[in-house]
Amino acid sequence: MDLHFGDSKPTDEEREAVDALLGPPESAWEGADDRSDADLRWARGGREARERRDLLLPGLHALNDRVGWISEGGLDYLCRRLTVPPAEAYGVATFYAMFSLKPRPATVLHVCTDLACTGSGSAALCADLERRLAPAGTPAGGAVWQPSPCLGLCERAPAALAVRAGA
């Protein structure tokens, strides 16, 4: 059994983000609005579909970077465009800490809490953010902060990365 999102529709902005990466949909099977006679005779699959699976992660980045989070409609649209099962895309999207499947402000501060950063004071940084702004995940002035796994900046620990969607 596969995970399905039902009738969730992508926003125009989500469609634009995916289409900017993949190009416009070629058929209604891929998410085009208009159905043509050719749609009744063929669907993309097999090797041609598998050759595009490497675009799943860039597609998730396109959605998250444009909108700030990945909605069910946006994820479903990306899955249709790439012929990737929604359960697989959901698994990838929930694995990476930089993605969110829930609405959040456009600005997110990721604070590394892995070993090198913890040893260099990230716990104190998180406590300071908690005191000055708001608890992790709670919007504060149009922004949110959250603990994050390694950001790849161990030599500059404690590391933090501010990301602004749509910028």
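The values are calculated or read from the model by the stated rules, or taken from the named source; none is laboratory data. Everything numeric in this text was worked out from a predicted model, so none of it was measured. FYI the Cβ positions are ideal-geometry reconstructions off the backbone, even for glycines, and counts take in every protein chain you see. For the accessible areas, the whole protein counts, side chains as well, though only heavy atoms, and no ligand, DNA or RNA atoms are used. Shrake-Rupley method; radii C 1.70, N 1.55, O 1.52, S 1.80 Å.
From the residues in region 86-132 that are open to solvent by 70 Å² or more (accessible area, probe 1.4 Å) and charged (D, E, K, R), which one is farthest from residue 154 (Cα to Cα)?
Here the answer is 88.
Please determine, by comparing only the residues of region 54-77 that are more than 19 Å from residue 104 (Cα to Cα) and without any contact (Cβ under 8 Å) to a residue 40 or more places away in the chain, which one is surrounded by the fewest Cβ atoms within 10 Å (Cβ to Cβ).
54
In region 148-162, is there at least one residue being in a strand (DSSP E or B) and either in contact with an Asp or Glu (Cβ under 6 Å, 6 or more places away or on another chain) or exposed (fewer than 14 other Cβ atoms within 10 Å of the Cβ) (or both)? Break it down into steps so the answer makes sense when it comes.
Within region 148-162, the first condition is being in a strand (DSSP E or B), and the residues that meet it are 148, 160-162.
Those left that are additionally either in contact with an Asp or Glu (Cβ under 6 Å, 6 or more places away or on another chain) or exposed (fewer than 14 other Cβ atoms within 10 Å of the Cβ) (or both): 162.
The answer is yes, given that some residue of region 148-162 is in a strand (DSSP E or B) and either in contact with an Asp or Glu (Cβ under 6 Å, 6 or more places away or on another chain) or exposed (fewer than 14 other Cβ atoms within 10 Å of the Cβ) (or both).
Please list, ordered by residue number, the helices (runs of 4 or more DSSP H) wholly in region 1-80 having 1 or more residues that are out of contact with any Lys or Arg (no Cβ under 6 Å at 6 or more places or on another chain) and modelled with pLDDT of 95 or more.
Details: elements: 12-22, 46-50, 56-67.
Hits in region 1-80: 12-22, 56-67.
Can you find even one residue in region 123-142 that is touching a Cys at 6+ places or on another chain (Cβ under 8 Å), free of Cβ contacts under 8 Å to residues at least 12 places away in the same chain and among the small types (Gly, Ala, Ser)? Working first, answer last.
Let us first name the residues in region 123-142 that are touching a Cys at 6+ places or on another chain (Cβ under 8 Å), namely 136.
Those still in the list that are free of Cβ contacts under 8 Å to residues at least 12 places away in the same chain too: 136.
The next check asks that each one be among the small types (Gly, Ala, Ser); those that pass are 136.
Within region 123-142, one or more residues are touching a Cys at 6+ places or on another chain (Cβ under 8 Å), free of Cβ contacts under 8 Å to residues at least 12 places away in the same chain and among the small types (Gly, Ala, Ser).
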